[in-house]
Amino acid sequence: MEVQEGVRSVTEAMEDYLASASFSDALDTAYKEAKNKYGSTDSRVPAVVLHRTCSRVLASPLPAPLHELPAPDAEFIERAVASVLPKLADSGVRSLDELEIAVQAVLLNLAAATDRLADIDAKVIQDKDSDSEDEKS
């Protein structure tokens, strides 16, 4: 990935955010809201609570460029979580620690996907510019 001098990737920004107190606060607030709305025990968190928690964390005040990330759909969440918690589909989230890991996996995958799409877009633009220069020659 080509990153301009002084420009951080979305993934780097997400890593910093996930290590911050802001993330911990947003996660706690989002989980409590989802838990109250959909019901949950801290030892058995249903998928709908995980999905809602991810969406609410992304809806909280985030630093640039993270504030532009869209909420992921259920399939994205399930695939991202399966990469770090493969038994989740069978057992569900069994603790608050697993919930935090799952949300972090989703957010990091979302940031990485954003960076990858930006790379692809930059390559397409570069190829078009190159083709235009070839046509002028």
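Please treat every number below as a calculation from the coordinates, not as lab data. These numbers come from a predicted model, not from an experiment. Cβ sites come from the backbone with ideal geometry, for glycine too, and all protein chains shown count toward neighbours.
So how many Lys-Lys pairs in the range 10-136 land under 29 Å Cα to Cα, not counting same-chain pairs under 8 apart?
Eligible lysine pairs with Cα atoms under 29 Å apart amount to 5.
Is it possible to state the helix-based mean residue ellipticity at 222 nm for the chain, with each DSSP H run of 4+ residues giving -39500 (n - 2.57), the sum divided by total residues, to the nearest 500 deg cm²/dmol? What is it?
That comes out to -22500 deg cm²/dmol.
Provide the gained length on full extension for the span Ser20 to Arg79, in nm with one decimal, where the gain is 0.36 nm per separating residue minus the Cα-Cα distance.
18.8 nm
With only Lys, Arg, Asp and Glu charged, each at its Cβ (+1 for the first two, -1 for the last two), find how big the charge dipole of the chain is about the Cα centre; round to the nearest 20 debye.
1000 debye
When the gyration tensor of the chain is built from Cα positions, what are the square roots of 5 times its three eigenvalues, in whole Å, from largest to smallest?
35, 16, 12
Using amide H atoms built in the peptide plane, which far-off residues or other-chain residues are under 5 Å from Val93 H to H?
Hits under the 5 Å cutoff: Val45.
Cα centroid distance between the range 80-120 and the range 1-72, in Å?
Their Cα centres are 11 Å away from one another.
For the range 25-40, take each phi angle, set θ = phi - 60°, evaluate the Karplus expression 6.51 cos²θ - 1.76 cosθ + 1.60, and give the result in whole Hz per residue in order, putting x for glycine and proline.
In residue order, the calculated couplings are 5, 5, 4, 4, 5, 4, 5, 4, 4, 5, 4, 5, 6, 10, x, 5 Hz.
Of Ala80, Leu58, Ser43, which is farthest along the charge dipole of the range 10-136 in the positive direction, counting Lys and Arg as +1 and Asp and Glu as -1 at C-beta?
So the residue furthest toward the plus end is Ser43.
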